[in-house]
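Laboratory data are not the source of any read-out in this text; all were calculated from the coordinates shown. None of these values were measured; they are calculated from a predicted model. Cβ placement follows ideal geometry from the backbone for every residue including glycine, while neighbour counts extend to all protein chains displayed.
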Amino acid sequence: MRPENHEFAPFYGKYIEKVKAENSLAALESSYKEALDFLPQIRENKADFRYAEEKWTVKELLQHLTDTERIMAYRALCIARKDQTALPGFNENAYVAALDLSGRNIQEIKEELLELKKSTLAMFRGFAEEALMRMGNMNGQPASVRALAYIIAGHQHHHFIILKERYL
């Protein structure tokens, strides 16, 4: 089942509504397939392209997707395991500002993202239905494990659209 509005902060609604799947596992499987299909289209000659001053480069955007999925997957794990610790937010702009991608090529970054997506999918496959329904506190807002699957998938889709329209 899709997450209900009380399972996530309103900010994440824009990502969740982009996901057509009817359950969290299908959402992540679709996200993985989307990445497998789309990432090969991104070439090294676009790696450092930014469509406007002060916008992220392609490499930075892909690393942002990796960082965000890693953080959201960690949050899902904590909540699924009944850890009631209030999970902190993160400032995506500060994360990107701290990056040094000069020693990495775009292929390495794409491979890291795909490996992470496989790991995220494997983790969610191991969650019982009861665990998917568990609620936690994420940056002072409610979050369910199943909503986090949708957030991961929708966030990626959102940025892939931006990559297609503004970068490639």
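General remarks:
- Longest to shortest principal axis, alpha-carbon extents of the stretch 2-92, angstrom: 44, 28, 23
- Rounded to 10°, Cα long-axis angle of helix 145-162 versus longest principal axis of the chain: 20
- Relative contact order (%) - criterion: Cα under 8 Å, at least six apart; region: the chain: 44
- Relative to the 2.2 N^0.38 Å rule of thumb, the stretch 53-109 has a C-alpha radius of gyration ratio of 1.36.
- Per-selection Kirkwood Rh - the chain (Cα, Å, 1 d.p.): 16.3
- Cut-off of 10 Å, at most 14 other beta carbons, DSSP loop: longest stretch of the chain lacking such GluC sites (Glu not before Pro): 55-168
- Cleavage-rule hits, trypsin sites (Lys or Arg not before Pro), the stretch 61-147, DSSP coil, Cβ neighbours within 10 Å at most 10: Lys82
- The alpha-carbon atoms of the stretch 107-159 define a convex hull whose volume equals 87 cubic angstrom per residue.
- Eligible aspartates and glutamates near Lys59 by straight Cα distance, threshold 13 Å, same-chain separation 8 or greater: Glu44, Asp48, Asp67, Asp100, Glu108, Glu111, Glu112
- Between the listed residues His159, Asn139, Gly103, the Cα displaced farthest toward the positive end of the dipole of the stretch 90-168, a dipole computed from Cβ unit charges relative to the Cα centre, is found at His159.
- Extension gain, Asn139 back to Lys46 (0.36 nm per residue minus Cα-Cα distance, nm): 30.1 nm
- Value at 222 nm in deg cm²/dmol, rounded to 500, when DSSP H runs of n ≥ 4 in the chain each add -39,500 (n - 2.57): -17000 deg cm²/dmol
- Using the Cβ-Cβ distance between Met123 and Val96 with R0 set to 22 Å, the FRET efficiency works out to roughly 0.35.
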